[in-house]
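Each value in this text was obtained by applying a stated rule to the coordinates, not by laboratory testing. These numbers come from a predicted model, not from an experiment. Virtual Cβ from ideal backbone geometry, glycine too; neighbours counted across all protein chains shown.
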Amino acid sequence: MQVHVVYYLSCNSLLEHLHYVEITLFPNDPLRLKDVFERLTSLRGSGIPLQYSWSCKRNYKSGYVWCDLALNDIIHPAEGAKYILKGSELVQASSEKTWGVCK
């Protein structure tokens with residue numbers, strides 16, 4: 001079974017244009033972030049997925065929220081069967097040697 005994933009990449013609060021990818025899953029298997037990482041690695045190289053903090057768009061009350069994801073988390077569709085992800089670029093603070101979301 002193939003699922004369709006739309007994702008944004010973000011840095012400095014600016015979103016790039018949309019990206020689209022198809023991911024093949026076994027029937028009845030949920031989509032997980034690690035599935036997306038495997039596909040992005042095959043398309044863009046091994047470092048790309050790890051340069052971002054990932055979240056998925058989820059319905060909440062009358063709007064939506066971005067739900068932070070870990071590698072094994074299940075990604076829930078935003079609307080119907082639409083999977084929408086956002087990758088926020090991670091940057092290393094030069095003086096602190098810690099990772100944070102780029103500002």
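One table, with the values for the structure above:
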| item | result |
| --- | --- |
| Net charge over other residues, Cβ less than 14 angstrom from the Cβ of N72 (K, R count +1; D, E count -1) | -3 |
| Largest-first principal axis extents, alpha carbons of the chain, Å | 47, 36, 25 |
| Helix 33-44 vs. the chain, principal-axis angle (Cα, 0 to 90°, nearest 10) | 70 |
| Positive minus negative residues near H19 (Lys, Arg vs Asp, Glu; Cβ under 15 Å) | +2 |
| Local electrostatic count, Y52, Cβ distance below 13 Å [Lys/Arg +1, Asp/Glu -1] | -1 |
